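K.L.:
Pasting a structure below so you can have a look.
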Amino acid sequence: MTHFDWEINYLKKYSTHGEFSDIVYEVGYTCVGINTAGILTSKNSYASSHSLSIDGLENPIAYSSLTEDIVMGWINEAKPAIESAVEGNINGADASPITVMPWD
């Protein structure tokens, strides 16, 4: 079974955009998959960014009011495909790193 850890690495924002201030337009993230099935622990990660559409904003959330849950919600649509790719790299690739050594 693969467990996924998601982390927000950075946000990019415009100081002003139209009538609004401090508008986030990009989220950088990393997804780490860890498979602990059997005697081996395998790990694979994927880091990327997600651009946000900011045209036509009506009520954007102020940067100072953002929470991790809100920002993670912005990348929810991409999560299944990324998790599937990470899991495929863990389970199907001989090049996937194994982090538990036979002598541990």
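K.L.:
May I ask you to list the residues in region 67-92 that are of a type in the set (A, V, I, L, M, F, W, C) and in a helix (DSSP H, G or I)? Spell out how you get there, then give the answer.
P.N.:
Let us first name the residues in region 67-92 that are of a type in the set (A, V, I, L, M, F, W, C), namely 70-72, 74-75, 78, 81-82, 85-86, 90.
Within region 67-92, 70, 71, 72, 74, 78, 81, 82, 85, 86, 90 qualify.
K.L.:
Another one. May I ask you to verify whether residue 23 is touching a residue at least 60 places away in the same chain (Cβ under 8 Å) and over 15 Å from the mean Cα position of the chain (by Cα)? Before you say what the answer is, go through the steps one by one.
P.N.:
Values: touching a residue at least 60 places away in the same chain (Cβ under 8 Å): no; over 15 Å from the mean Cα position of the chain (by Cα): yes.
When the stated conditions are applied, residue 23 does not pass them.
K.L.:
Out of curiosity, is residue 52 in contact with a helix residue (DSSP H, G or I) (Cβ under 7 Å, 6 or more places away or on another chain) and more than 30 Å from residue 103 (Cα to Cα)?
P.N.:
Considered against the rule, which asks whether it is in contact with a helix residue (DSSP H, G or I) (Cβ under 7 Å, 6 or more places away or on another chain) and more than 30 Å from residue 103 (Cα to Cα), residue 52 comes out as yes.
K.L.:
Yes or no: residue 8 in contact (Cβ under 8 Å) with a residue 12 or more places away in the chain, part of a loop (DSSP other than H, G, I, E, B) and of a type outside the set (Lys, Arg)? Let's see the steps before the verdict.
P.N.:
Numbers: in contact (Cβ under 8 Å) with a residue 12 or more places away in the chain: yes; part of a loop (DSSP other than H, G, I, E, B): no; of a type outside the set (Lys, Arg): yes.
In short, no.
K.L.:
Restricting region 64-87 to residues that are loosely packed, with under 15 Cβ neighbours inside 10 Å and touching a residue at least 12 places away in the same chain (Cβ under 8 Å), which is nearest to residue 14 (Cα to Cα)?
P.N.:
Filtering region 64-87 for residues that are loosely packed, with under 15 Cβ neighbours inside 10 Å and touching a residue at least 12 places away in the same chain (Cβ under 8 Å), the one nearest to residue 14 (Cα to Cα) comes out as 64.
K.L.:
Also, I was wondering about something else. Looking for whichever is at pLDDT below 90 and either of a type outside the set (D, E, K, R) or out of contact with any Cys (no Cβ under 6 Å at 6 or more places or on another chain) (or both) here; the options are 80, 60. Which one fits?
P.N.:
On the way: 80 fails: at pLDDT below 90.
Selected residue: 60, the only one of 80, 60 that is at pLDDT below 90 and either of a type outside the set (D, E, K, R) or out of contact with any Cys (no Cβ under 6 Å at 6 or more places or on another chain) (or both).
K.L.:
To continue, here is another question. Please go through region 7-20 and give me each residue that is at pLDDT below 90 and farther than 12 Å from residue 63 by Cα, ordered by number.
P.N.:
Result: 17, 18, 19.
K.L.:
Tell me the residue from 21, 64 that is among the small types (Gly, Ala, Ser) and part of a strand (DSSP E or B), please.
P.N.:
On the way: 64 fails: part of a strand (DSSP E or B).
The match here is 21.
K.L.:
Restricting to region 39-54, count the residues that are over 18 Å from the mean Cα position of the chain (by Cα) and either in a strand (DSSP E or B) or farther than 24 Å from residue 26 by Cβ (or both). Steps first, answer last, please.
P.N.:
Our first condition is that a residue be over 18 Å from the mean Cα position of the chain (by Cα); within region 39-54, this holds for 39-42, 54.
Narrowing the set further to residues that are either in a strand (DSSP E or B) or farther than 24 Å from residue 26 by Cβ (or both) leaves 39-42.
Of the residues in region 39-54, 4 are over 18 Å from the mean Cα position of the chain (by Cα) and either in a strand (DSSP E or B) or farther than 24 Å from residue 26 by Cβ (or both).
K.L.:
Then there's this: Restricting attention to region 21-36, and to residues there that are surrounded by 15 or more Cβ atoms within 10 Å (Cβ to Cβ) and either in contact with an Asp or Glu (Cβ under 8 Å, 6 or more places away or on another chain) or over 18 Å from residue 49 (Cβ atoms) (or both), which single residue is modelled with the lowest pLDDT?
P.N.:
By that ranking, first place goes to 35.
K.L.:
What number of residues in region 26-38 are aliphatic (A, V, I, L, M), in a strand (DSSP E or B) and within 30 Å of residue 102 (Cα to Cα)?
P.N.:
Within region 26-38, the first condition is being aliphatic (A, V, I, L, M), and the residues that meet it are 27, 32, 34, 37.
From what is left, the residues that are in a strand (DSSP E or B) are 27, 32, 34.
Keeping just the survivors that are within 30 Å of residue 102 (Cα to Cα) gives 32, 34.
Looking only at that region, the number is 2.
The values are calculated or read from the model by the stated rules, or taken from the named source; none is laboratory data. What you see is a predicted model; the values in this text were computed from it and never measured. Note that each Cβ is placed from the backbone with ideal geometry, even for glycine, and that neighbours are counted across all protein chains shown.
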